Amino acid sequence: MFIKSIRTNLKTKCDYETHEPDAQHLFVHGPNASGKSALVHSVEYALTGVVTDAAGRDIKQQQYLDALANGPTAQVEAVVSTDGALSTHDGKNPRYEHVMHDALGAISGSGNALIDYLLEHGGGLDDKATDVSLDYPAWSKWEERFGTRSALLKVRSAAGKTLRSARAEIKELSVALKYLDNSVLRSALVSAKKNEEIAKGLKADADRAAREWVEAIAPAVVGMAYPLIPLRFHFLPKEVRLGLQSGGAVPSGAELVEAAIGLAYATRAPNSAVYILPDRAYDPDRLSRLLRILRYVPCAAAVVQSPILPNTDTYNYVDFWSHY
């Protein structure tokens, strides 16, 4: 896929600006306040419907974009070419996935963020043999019909829904008992608390099984990313983390970005994957490494912005990237 043109009113002095990068791999360079983020935000919103801030987090998309727009509302349009055919994207019905946004959230998030990501996006790992079981009435039927990963998603969803429902009922009954104390309400509250405990137990069992599944498929994820990016799983007592082999359990800065590229590379379909790196203060050597890695990652498009230039002694990016 090639990004043929971007038409946007974000951070423009006129009604619209049109950019024509005609690129699959786009490196956007310029000093601070030169409009790099406006162009990159336009690309990511038009293609994926998601806009992130410098830290890779979600932002209030429409509110944020409207504030940046020259006019009452933001209007962004990207024209792309796929196999010679042109198509238009405006963020309303995105056909591409902001895989870096998802992967960064999985690695930097707390608790079960990485497990949740792998369960949701680990379809390519369904053929890996795992030995996971759950004491749940529908488990065997679901696992046989949908596979272990999808069955885990269903059980965790059912447990979460039951737990939320029980807690909402407990809250309502507790409020009602303040105004009307009778045996019917007290009995209902006892029943709701029992349901809460059952749901908590099921959720704990499902979380345990999900962790066991991740432990089983972790070598496959590492193998799929290697040798492009050497990943390493860290199985801590209460959470699972992912970083680089040379780093710790909680990567930051450019190491976090590199690990996220590796996770997305190992788990996402290349034809719909768009890699848009967050705006970070990369040093020239690390920036060269990231550009070299991304050039070998199969994807629909890749966009990197930076106020500095890469070290061309280690990687001559101009031979492989469109410099905008």
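The values are calculated or read from the model by the stated rules, or taken from the named source; none is laboratory data. On a predicted model such as this, the values are computed, not experimentally measured, just so you know. As a convention, Cβ positions derive from the backbone with ideal geometry for all residues, glycine included, and neighbour counts pool all protein chains shown. With ligands, DNA and RNA removed, areas are computed over all heavy atoms of the protein, side chains included. Shrake-Rupley method; radii C 1.70, N 1.55, O 1.52, S 1.80 Å.
Scan the stretch 117-139 and give yes if some residue there is among the charged types (D, E, K, R), out of contact with any strand residue (DSSP E or B) (no Cβ under 9 Å at 6 or more places or on another chain), buried (at least 19 other Cβ atoms within 10 Å of the Cβ) and within 30 Å of Ala273 (Cα to Cα), otherwise no. No, every residue in the stretch 117-139 fails to be among the charged types (D, E, K, R), out of contact with any strand residue (DSSP E or B) (no Cβ under 9 Å at 6 or more places or on another chain), buried (at least 19 other Cβ atoms within 10 Å of the Cβ) and within 30 Å of Ala273 (Cα to Cα). Whenever a residue of the stretch 193-221 is modelled with pLDDT under 95, its partners that are in a helix (DSSP H, G or I) and small (Gly, Ala, Ser), lying with C-beta atoms within less than 7 angstrom and at least six residues away or across chains, give the pairs Asn195/Ala166; Glu196/Ala166; Ala199/Ala159; Ala199/Ala166; Leu202/Ala159; Lys203/Ala159; Lys203/Gly160; Ala206/Ala159. Against the test of being out of contact with any Phe, Trp or Tyr (no Cβ under 7 Å at 6 or more places or on another chain) and under 23 Å from Met1 (Cα atoms), the options Phe320, Phe235 yield a single qualifying residue, Phe320. Suppose we keep only residues that are modelled with pLDDT of 95 or more and among the aliphatic types (A, V, I, L, M) within the stretch 241-252. Which one would you say is farthest from Ala113 (Cα to Cα)? Restricting to residues being modelled with pLDDT of 95 or more and among the aliphatic types (A, V, I, L, M), the top hit is Leu244. The set of residues in the stretch 281-306 that are in contact with a strand residue (DSSP E or B) (Cβ under 9 Å, 6 or more places away or on another chain), open to solvent by 50 Å² or more (accessible area, probe 1.4 Å) and part of a loop (DSSP other than H, G, I, E, B) comprises Ala281, Pro298. Screening the stretch 14-46 for residues that are of a type in the set (A, V, I, L, M, F, W, C), in contact (Cβ under 8 Å) with a residue 40 or more places away in the chain and surrounded by fewer than 21 Cβ atoms within 10 Å (Cβ to Cβ) and picking the one that is farthest from Asn70 (Cα to Cα) gives Ala23.
The residue of the stretch 41-85 that is modelled with the highest pLDDT, among those that are small (Gly, Ala, Ser) and in a loop (DSSP other than H, G, I, E, B), is Gly49.
A single entry from Ala220, Ala259 fulfils the requirement of being touching a Pro at 6+ places or on another chain (Cβ under 7 Å), of a type outside the set (D, E, K, R) and open to solvent by less than 40 Å² (accessible area, probe 1.4 Å): Ala259. The one condition from (1) open to solvent by less than 70 Å² (accessible area, probe 1.4 Å); (2) in contact with a strand residue (DSSP E or B) (Cβ under 6 Å, 6 or more places away or on another chain) that Tyr324 does not meet is (1).
Is it true that some residue in the stretch 119-132 is under 19 Å from Ile217 (Cβ atoms), basic (Lys, Arg) and assigned to a loop (DSSP other than H, G, I, E, B)?
Filtering the stretch 119-132 for residues under 19 Å from Ile217 (Cβ atoms) gives 119-132.
Filter once more, so that each one left must be basic (Lys, Arg): 128.
Subsequent filtering for residues that are assigned to a loop (DSSP other than H, G, I, E, B) retains 128.
Scanning the stretch 119-132 turns up at least one residue that is under 19 Å from Ile217 (Cβ atoms), basic (Lys, Arg) and assigned to a loop (DSSP other than H, G, I, E, B).
Tell me which residues, restricted to the stretch 86-109, are under 19 Å from Ala302 (Cβ atoms) and assigned to a loop (DSSP other than H, G, I, E, B). The answer is Gly91, Pro94, Arg95, Tyr96. From the residues in the stretch 1-40 that are of a type in the set (D, E, K, R) and in a strand (DSSP E or B), which one is farthest from Leu277 (Cα to Cα)? Selected residue: Glu17.
Going by the structure shown, is Ile261 out of contact with any Leu (no Cβ under 6 Å at 6 or more places or on another chain), among the β-branched types (Val, Ile, Thr), part of a helix (DSSP H, G or I) and under 30 Å from Leu287 (Cα atoms)? Considered against the rule, which asks whether it is out of contact with any Leu (no Cβ under 6 Å at 6 or more places or on another chain), among the β-branched types (Val, Ile, Thr), part of a helix (DSSP H, G or I) and under 30 Å from Leu287 (Cα atoms), Ile261 comes out as yes.
Taking the stretch 145-191, which residues are among the charged types (D, E, K, R) and either free of Cβ contacts under 8 Å to residues at least 12 places away in the same chain or open to solvent by 70 Å² or more (accessible area, probe 1.4 Å) (or both)?
Start the filter on the stretch 145-191 by keeping residues that are among the charged types (D, E, K, R), which leaves 145, 149, 154, 156, 161, 164, 167, 169, 171-172, 178, 181, 186.
Across the stretch 145-191, the qualifying residues are Arg145, Lys154, Lys161, Arg164, Arg167, Glu169, Lys171, Glu172, Lys178, Asp181, Arg186.
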